[in-house]
Structure formats: structure tokens, C-alpha cells
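**Student:** I'd like to ask some things about the structure below.
The values are calculated or read from the model by the stated rules, or taken from the named source; none is laboratory data. Here the structure is a predicted model, which is why all the values come from computation and not from measurement. No Cβ is skipped: glycine too gets one built from the backbone with ideal geometry, and neighbour counts run over all protein chains shown. Quick note on the areas: whole protein, heavy atoms, side chains included, nothing else; ligands and nucleic acids left out. Shrake-Rupley method; radii C 1.70, N 1.55, O 1.52, S 1.80 Å.
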Amino acid sequence: MTARRWIEHWDPEDEVFWAETGEKVAGRNLLFSVLSEHIGFSVWTLWSVLVLFMGPEYGLTPADKFLLTSMVTLVGAVVRVPYTFAVAVFGGRNWTIISASLLLVPTVAAFTVMEPGTSFSTFLWVGLLAGIGGGNFASSMTNINAFFPLRKKGWALGLNAGGGNIGVPVIQLVTLAIIGASGGPRVLLGIYIPLIVVAAVLAALFMDNIASVRNDTGAAVDAAKDAHTWIMSFLYIGTFGSFIGYSFAFGQVLTNQFGRTPLQAAYLTFIGPLLGSLIRPVGGRLADRYGGARITLWNFVAMAAATAVLVVASMEKSLPLFVAVFVVLFVLSGLGNGSTYKMIPGIFQAKALAQGLEGEEAAAYGRRLSGASMGLIGAVGALGGVGINLAFRQSFLSYGSGTGAFVAFLACYGAAFAVTWAVYLRRPARQIPAKAAATEAEPQLSYAEV
């Protein structure tokens, strides 16, 4: 490793290397990656909280607020693509420093304009800036994927993503505390500005770049050509798209459909994202043990069932049932986040073995394409959050409630179940060819086991 913190040799699949050097270094990078991604999620979802407390004096309609949060989600999805390339161009550590520092732009801008009398177009433009916080997830996952061996990826990626996702309920809780203490939105923004600086400094001091990942921008092109990248993108719309979409929309649904005040809504909105974030590593762990495809399949069954109950609760206007089942849906989305992301490296490892690759060559192939595909999958998956907010907007405009949107979500979960079964579980005997069978240290894989 040079003074610029570039690691020239990195082989986490070598158990001796992992025990002596790799595990400690990977754990350190994971810790500070989580911190940066956590704050990125908080900045990204900042406006889901701010709109709740923008009363009549701000002149925004419910449709304006849903449109604002939809556009913030959209930017967060789109920037995930270049953020994925950035790890290969700049290095994981270097890009973490840059991406963390960039969070100052939307935070300072929001601090400047947050007052009654500001035009909706100004709020919209400043809100769009906050979308860059969504990009941190893609670069962070791509970077951390390179540090861990395949047998540890489900847990490591689950921790990384869960630690980032928990930025959603944290900013909701911090807002609740500030508003409860008679503070204002600017107090909230003032708290996050120094935290962003701390995250960037800690990344500079304690993180590393992996040389083998650098300048491999062609990996993203190869990943984009692979059908599994787009199949997994669709499944990720159902899991993470649900998580981020509901995180942005939950409070607005409570205020518009059930007549909750902003403060009353804030007391409820953090519970679902918090539990969904905490359970994400569990989804990864279950996928490590039982296979990501199996966990993902049954998770979509449960999400569809929960959504069906939400339709009933929405029609009956039962707030206790609605909140309880919505929280369950958040938990399931978090569990599915972990299992779907575990599937990605397993799929590309299976393809490497199918092509006759072995040992470190197969592991390098899997790391290269799975790391690149994660950014693309994360970007498309986040678009699900856009769709959810737009669906709620249209449902409230057309029917005065979110019931129509929930019916659409139910159909989407049914489709995701069908795709998971058809592609990854319908043919459990779909094994890697015998000529490519691995050694005892590298077991044979089927897509049902990814």
C-alpha cells in the first residue's frame, strides 16, 4: 500500500490472506463506507421530512409535495449510474471523500432557501440537488463488494446497505426531536453540515483504494449487456424501490388520507424505515444460508399479502391496521433488499464457473461484473421509488386516497414473484456444467443457490 492508500494486491478468496490481512482491512473500510452512505441517505430523503412541515404559508398543494419528492427520488436513481463508474475511475476511498463532500451542496442550498415565500420552482431545483445523496449507495456497494469474499458478501453488503438505509429513519427522528423542541428546518440542516465534513475527513484518514478495480470502466458496459442485470433490476424495484418510495410517501399518505398533523405523522413514519433498515443484514444472512432466490421468492409472496391487507385498511379507513401493516411491508422490503443483493455476486460467480473459469480467475470475474452491475441495478431499483410517489400522486388526484396505488403495487409484487420463480427457481437442476465443476473448496452452484 502506498502513501496514497492504494492496495496493489487484494485476494479475499484466499483464506490465509483473509485471516491475516483482508478481514481487518475490509471491516475498516466497511465501517467508514457505512457512515458516508448513511449521511447520503439522510440528505437524499431530507425533503420527505421537510414537506411535512411546510404548512399553508409555503403555498404548496399535496400534489406539489408528491411531485417534489418524486423528482428528488428520480435524481437519486439517475446519479447512481455515474457514481458506479466513479469507483473505477477515482478509487473507492477517493470517491467516498468526493461524494461525501458533495453533500454539502444540497444541504447548504436548502438551509438558504427554507422559508415561506420561496417559489415552488426554487424548492424543486434545490430538492433536485438533494438527489445526489442517493448516488452514494451505488458507489459504496460497488466498492465494498470488491473487499469481501463471496461467502461473506450477503452479510457485508447487507450491513453496508442497512447502515445506509437507516439514514432514512434517523433523519425523521432527528426532525421529530428538533420540531418537538420548537426548532425549525434550518436547525436540522445546521446539524448535518458539520457531520458531512466529519464523514469526508474520516474517509480520507481510514479508507483504502483497491488497484485492481481502478480504470475498469468497461465492466459496466459488460454488465449492461447481461440479461441478469436487468432481471435483477426489476426485482430490486420491488424491494428497494418499495423501501425508498414508501419512505418518501408514508408521511404524506398519513396527513392526506387519515388527517394526521405533520407532528402526528412524524411520530409514526420513522418506525417502518427503521425496522426495514435493521433487518436488511438479516436478509443477506438468510440468503447466504438458504439461497437469495428462495428468500426473495417468498418475500414477494409476503409483500403481496401485506399489500392486499393495506388495500382493505385503506378502503375501511382503519388507521391502526393501516400503520401496522405498512410497517410490516417496510420490514419485508428491507429483508428483500438483503436477499436480492446477495443474489447478484452469486449469479456472476455461477456464470464464471459455467464458462470454465476456476479459482481466483472465476472470483475476479464475479467481482468485476457483480460490482459493476450493482450500480445499474441500484439505479433502476430506485426508480421504483419514483413510480410509487407518482402512483400515490395520481391516486390522490383521481380517488382522494392511496387505494388505487396499492392495487397497482400488488400487481407489481405478483409479477416480481413470477419472474423470480421462472428465472431462478423453476429449474432447480439448472446446474453449472460438469466440466466446469469446482473443486471441494469451490462448490458447484445453481441459480437456485445464488
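**Student:** If I filter region 338-347 for residues that are closer than 23 Å to I279 by Cβ and open to solvent by 10 Å² or more (accessible area, probe 1.4 Å), do I get at least one hit?
**Tutor:** Yes, that holds for at least one residue.
**Student:** Here is a list of conditions, (1) open to solvent by 10 Å² or more (accessible area, probe 1.4 Å); (2) touching a Gly at 6+ places or on another chain (Cβ under 9 Å), and N136 meets all of them except one; can you say which number that is?
**Tutor:** (1)
Quick grid of which residues meet (1) at pLDDT 80 or above; (2) at negative phi; (3) of a type in the set (D, E, K, R):
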residue: L353; (1), (2), (3): yes, yes, no
residue: G359; (1), (2), (3): no, no, no
residue: R367; (1), (2), (3): no, yes, yes
residue: S373; (1), (2), (3): yes, yes, no
residue: A379; (1), (2), (3): yes, yes, no
residue: L383; (1), (2), (3): yes, yes, no
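**Student:** How many residues are crowded, with 24+ Cβ neighbours inside 10 Å and of a type in the set (D, E, K, R) if we restrict to region 37-93?
**Tutor:** Total satisfying the criteria: 4.
**Student:** Right, next: Give me the residue from region 277-305 that is aromatic (F, W, Y) and open to solvent by 50 Å² or more (accessible area, probe 1.4 Å) and, out of that set, nearest to I179 (Cα to Cα).
**Tutor:** Here the residue is W298.
**Student:** Here's a follow-up. Taking the options L274, L321, name whichever one is of a type outside the set (D, E, K, R) and either open to solvent by less than 10 Å² (accessible area, probe 1.4 Å) or over 20 Å from Y413 (Cβ atoms) (or both).
**Tutor:** L274
**Student:** What are the pairs, 6+ residues apart or on separate chains, where a residue within region 99-122 that is closer than 20 Å to F53 by Cβ has its Cβ under 8 Å from a residue that is outside any helix (DSSP H, G or I) and of a type in the set (A, V, I, L, M, F, W, C)?
**Tutor:** So the pair list comes out as F120/L60.
**Student:** Here's a follow-up. Select from region 322-369 the residues that are more than 22 Å from the chain's Cα centre (by Cα) and within 30 Å of V311 (Cβ to Cβ) and list them in ascending order.
**Tutor:** Residues satisfying the conditions are F322, V323, A324.
**Student:** Let me ask another. Of the conditions (1) in a helix (DSSP H, G or I); (2) over 25 Å from I344 (Cα atoms); (3) more than 22 Å from the chain's Cα centre (by Cα), L390 fails just one. Which one is it?
**Tutor:** Result: L390 fails condition (3) only.
**Student:** Another question, then. Please specify each residue of region 396-421 satisfying the condition of being open to solvent by less than 60 Å² (accessible area, probe 1.4 Å), within 25 Å of the chain's Cα centre (by Cα) and over 16 Å from T239 (Cβ atoms).
**Tutor:** If the condition is that a residue be open to solvent by less than 60 Å² (accessible area, probe 1.4 Å), within 25 Å of the chain's Cα centre (by Cα) and over 16 Å from T239 (Cβ atoms), then G402, A405, F406, A408 are the ones that fit.
**Student:** Considering only helices (runs of 4 or more DSSP H) fully contained in region 211-280, which possess at least 1 residues that are aromatic (F, W, Y) and closer than 27 Å to R294 by Cα?
**Tutor:** 227-236, 242-257
**Student:** Give the residue, chosen from L286, L310, L329, that is within 16 Å of I237 (Cα to Cα) and outside any loop (DSSP other than H, G, I, E, B).
**Tutor:** From the options L286, L310, L329, the qualifying one is L329.
**Student:** Looking at (1) over 30 Å from G259 (Cα atoms); (2) open to solvent by 30 Å² or more (accessible area, probe 1.4 Å); (3) in contact (Cβ under 8 Å) with a residue 12 or more places away in the chain, which is the only condition L383 fails?
**Tutor:** Of everything listed in (1) over 30 Å from G259 (Cα atoms); (2) open to solvent by 30 Å² or more (accessible area, probe 1.4 Å); (3) in contact (Cβ under 8 Å) with a residue 12 or more places away in the chain, L383 misses just condition (1).
**Student:** Say whether the condition of being small (G, A, S), open to solvent by 10 Å² or more (accessible area, probe 1.4 Å), at pLDDT 90 or above and closer than 27 Å to A177 by Cβ is met by at least one residue in region 308-316.
**Tutor:** No, region 308-316 has no match at all.
**Student:** Could you name every one of the helices (runs of 4 or more DSSP H) located completely within region 8-90 that has at least 3 residues being among the charged types (D, E, K, R) and at pLDDT 90 or above?
**Tutor:** Of the helices (runs of 4 or more DSSP H) lying wholly inside region 8-90, those with at least 3 residues that are among the charged types (D, E, K, R) and at pLDDT 90 or above span 23-44.
**Student:** Sticking with this structure for a sec: Please state which one of G131, G127, G180 is at negative phi and at pLDDT below 90.
**Tutor:** Working: G131 fails: at pLDDT below 90; G127 fails: at pLDDT below 90.
From the options G131, G127, G180, the qualifying one is G180.
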